Structures are given as C-alpha cells and as structure tokens.
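The values are calculated or read from the model by the stated rules, or taken from the named source; none is laboratory data. Quick caveat, the model's predicted, so the values are computed rather than measured. Virtual Cβ from ideal backbone geometry, glycine too; neighbours counted across all protein chains shown. For the accessible areas, the whole protein counts, side chains as well, though only heavy atoms, and no ligand, DNA or RNA atoms are used. Shrake-Rupley method; radii C 1.70, N 1.55, O 1.52, S 1.80 Å.
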Amino acid sequence: NGQLQGFLTLGARGTGDPYLQGDIDLLETLAGQAAIAIENTLLYDEARHSRKSLQESELKFRTLAQTTPSAVFIHRGGKILYANPNTERITGYTQEELLAMEFWDIVHPDFQQIVREQGDDRLSSDAVPIQYEFKIIRKDREERWVLMNATRFEYEGQISEIGTLIDINARRALEGKLR
C-alpha cells in the first residue's frame with residue numbers, strides 16, 4: 001500500500017557469484033508476503049481493538065438502559081426493536097408484547113397523528129423538537145401522560161429512532177389542581 005513495512009538486505013553470495021533475476025524475483029515475492037503478514041497482523045489488532053470498544057460501548061448502553069427510571073426504546077418505522085424493563089413498567093406490556101407491537105399502538109389516538117408526523121420528520125431532519133408530551137394508553141387501558149425525548153440514529157445499519165418516556169401523569173395532575 002505504498003508504505004514501508006521493513007527492508008530486506010542481501011549480502012554478497014558466499015561464492016561471489018552475482019544474484020540472478022530468479023533469485024531477486026523470489027526475494028521480492030518473499031518480501032511482499034512478509035509485508036502482507038505484517039499488515040494482516042496490524043489489521044487483526046485494529047479489529048480486536050474495535051471489537052473490544054464496541055463491546056464496552058454496548059455494555060455501557062445496556063447498563064444505562066437497564067438502570068434508568070425512564071422507558072428506553074428503539075423503533076424503526078414504528079416497529080419496536082428494543083425496550084428496557086421500565087418500558088414494561090410504564091406501558092404495562094411485557095417485553096415480548098412490546099417487541100411484537102408498533103410504537104403507535106401505545107400512543108393515545110388523540111396524539112397518534114402528531115407523534116407519527118414528528119417521528120417521520122425526525123428521520124429526515126434535525127429540525128424537529130426532541131422533547132414533547134403526549135398521552136399513552138397502557139395495557140390496562142389507563143391513559144397516562146408521558147414526556148418523550150427522541151432522536152434518530154443508526155441501529156443495525158439502518159436509520160432508527162431511540163426514545164425515552166418519562167411518566168409525568170402525577171405532575172400533570174398536580175398542575176391541573178393548581179390551575
């Protein structure tokens with residue numbers, strides 16, 4: 001690749017005879033193979049380092065997602081691809097049920113259009129608010145206000161959305177009493 005990996009020197013032959021072109025060709029081939037071996041070793045080390053970094057990054061995400069009091073979910077086109085344990089607590093649906101659902105299934109009908117539009121807009125632009133409030137309908141049919149934060153990112157090689165939901169029902173009720 002145009003980079004010096006090392007060098008090979010030849011001393012005089014013991015017989016004093018000059019090197020033949022066949023000898024030089026053989027040594028150039030050996031030098032090329034040695035360079036490839038060195039490069040493969042460097043690439044292997046880089047790949048191992050990248051795998052280790054990726055594993056550490058995934059562990060950090062999973063630890064954060066599993067311990068945060070917010071619902072954390074990933075969806076693409078509405079299809080839920082990941083949901084942390086607090087998504088179960090906030091929505092009332094099990095992990096298996098959530099992964100078989102679309103995100104829109106938990107959004108209250110009065111808010112589905114705006115939430116869908118903002119989700120679609122988020123996939124094509126950064127100019128969409130990342131935080132907004134709306135109602136969800138839990139599995140037990142209870143309506144709850146949530147605060148959602150969402151952004152787009154690449155997941156499994158495709159543009160997806162990652163979001164968090166915080167149950168703000170108690171806050172909204174208190175605000176209503178104060179009014």
* Scanning for something under 22 Å from T63 (Cβ atoms), of a type in the set (D, E) and exposed (fewer than 15 other Cβ atoms within 10 Å of the Cβ), does the stretch 155-165 turn up at least one residue? -> yes
* Tell me which of these V128 doesn't satisfy, since it passes every other one: (1) surrounded by 15 or more Cβ atoms within 10 Å (Cβ to Cβ); (2) aliphatic (A, V, I, L, M); (3) in a helix (DSSP H, G or I). => (3)
* **Single match in L59, L98, L42 (criterion: in a helix (DSSP H, G or I) and closer than 30 Å to Q5 by Cβ)** => L42
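The rows are residues; the columns are (1) in a helix (DSSP H, G or I); (2) surrounded by 13 or more Cβ atoms within 10 Å (Cβ to Cβ); (3) touching a residue at least 24 places away in the same chain (Cβ under 8 Å).
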position: K52; (1), (2), (3): yes, no, no
position: Q55; (1), (2), (3): yes, no, no
position: T63; (1), (2), (3): yes, no, no
position: Q66; (1), (2), (3): yes, no, no
position: V72; (1), (2), (3): no, yes, yes
position: H75; (1), (2), (3): no, yes, yes
position: L81; (1), (2), (3): no, yes, yes
position: N86; (1), (2), (3): yes, yes, no
position: I90; (1), (2), (3): yes, yes, yes
* When you go through (1) at pLDDT 85 or above; (2) surrounded by 11 or more Cβ atoms within 10 Å (Cβ to Cβ) one by one for N40, which number turns out not to apply? -> (2)
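Residue by residue, here is whether (1) of a type in the set (A, V, I, L, M, F, W, C); (2) out of contact with any helix residue (DSSP H, G or I) (no Cβ under 6 Å at 6 or more places or on another chain); (3) part of a helix (DSSP H, G or I) holds:
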| site | (1), (2), (3) |
| --- | --- |
| I136 | yes, no, no |
| K139 | no, yes, no |
| V146 | yes, yes, no |
| N149 | no, yes, no |
| R152 | no, no, no |
| S160 | no, yes, no |
| T164 | no, yes, no |
| R172 | no, yes, yes |
| G176 | no, yes, yes |
* Asked: Which one of the conditions (1) within 19 Å of the chain's Cα centre (by Cα); (2) modelled with pLDDT of 90 or more does E133 fail to meet, given that it meets all the rest?
  -> (1)
* Asked: Within the bounds of the stretch 21-31, is there any residue that is loosely packed, with under 10 Cβ neighbours inside 10 Å, farther than 30 Å from E142 by Cα, at pLDDT 85 or above and more than 30 Å from the chain's Cα centre (by Cα)?
  -> yes
* Asked: Quick one: is N149 of a type outside the set (V, I, T), surrounded by 14 or more Cβ atoms within 10 Å (Cβ to Cβ), within 16 Å of S70 (Cβ to Cβ) and more than 29 Å from the chain's Cα centre (by Cα)?
  -> no
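Which residue is farthest from W145 (Cα to Cα), if the candidates are limited to the stretch 100-110 and must be open to solvent by less than 60 Å² (accessible area, probe 1.4 Å) and among the hydrophobic types (A, V, I, L, M, F, W, C)?
Looking at the filtered set, the residue picked out is M101.
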